[in-house]
Every structure is written in structure tokens, then in C-alpha cells.
Amino acid sequence: MGANDVAIRRVGLPGGIQPASADTGALRLEVALRAYYRYRDRGSVPGFEIEDWLAAEQEVLAQHANTTASKSGPTNSSAGSGRRAKRTPGRQ
């Protein structure tokens with residue numbers, strides 16, 4: 001790599017999970033749009049393209065990870081019987 005080349009790392013989902021609801025092209029477009037909005041919200045000041053892209057990439061991938069997790073249903077730890085524990089009078 002030359003002096004002006006920049007290495008950009010890829011951010012993946014935890015555990016190598018791949019988003020099932022979107023293909024790579026759609027994810028790339030979503031990241032590009034989010035990065036553009038970050039640029040625009042900052043006043044269209046150039047010089048932060050890489051930071052905008054990496055932050056947008058993390059946001060999009062986190063959003064897709066949350067969407068994928070919510071589609072898989074509740075986990076055993078969050079599923080309860082719906083009953084409340086009885087409180088003993090005089091105890092907190």
C-alpha cells in the first residue's frame with residue numbers, strides 16, 4: 001500500500017452471523033445513505049468520510065443484528081410464567 005492508501009477494516013456481526021433479511025448490495029446502500037446523512041448533518045464538511053462510513057456501518061450492522069435477534073423470538077431467560085413473586089409483609 002502506498003502512503004495515501006487507507007486500509008478499511010470490515011465490521012461483521014457478532015459470532016459471524018450474516019443478516020438473513022438483506023443482501024450485501026442492500027446493506028452497502030444502507031451504509032452509504034447513513035454515512036451521507038452523517039456528513040450532511042455535520043454541515044457537509046469534508047475530511048471525515050472514513051469515520052462516517054465506519055460509524056454508519058456499525059449502526060446498520062447493529063440494527064440488523066437486533067432485527068435478526070427479535071425475529072428469533074424470546075429467549076428462555078426473558079420468558080416467564082407471568083406470575084409475580086409474593087411479597088412478605090414488612091419486607092422490602
* Asked: Taking into account only those residues within segment 35-84 that are basic (Lys, Arg) and at pLDDT below 95, which is least open to solvent (accessible area, probe 1.4 Å)?
  -> 42
* Asked: Checking residue 3 against (1) open to solvent by 90 Å² or more (accessible area, probe 1.4 Å); (2) assigned to a loop (DSSP other than H, G, I, E, B); (3) at pLDDT 90 or above, which single condition isn't satisfied?
  -> (3)
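The values are calculated or read from the model by the stated rules, or taken from the named source; none is laboratory data. The structure displayed is predicted, hence computed values, not measured ones. Keep in mind that these areas ignore ligands, DNA and RNA; they rest on the heavy atoms of the full protein, side chains included. Shrake-Rupley method; radii C 1.70, N 1.55, O 1.52, S 1.80 Å.
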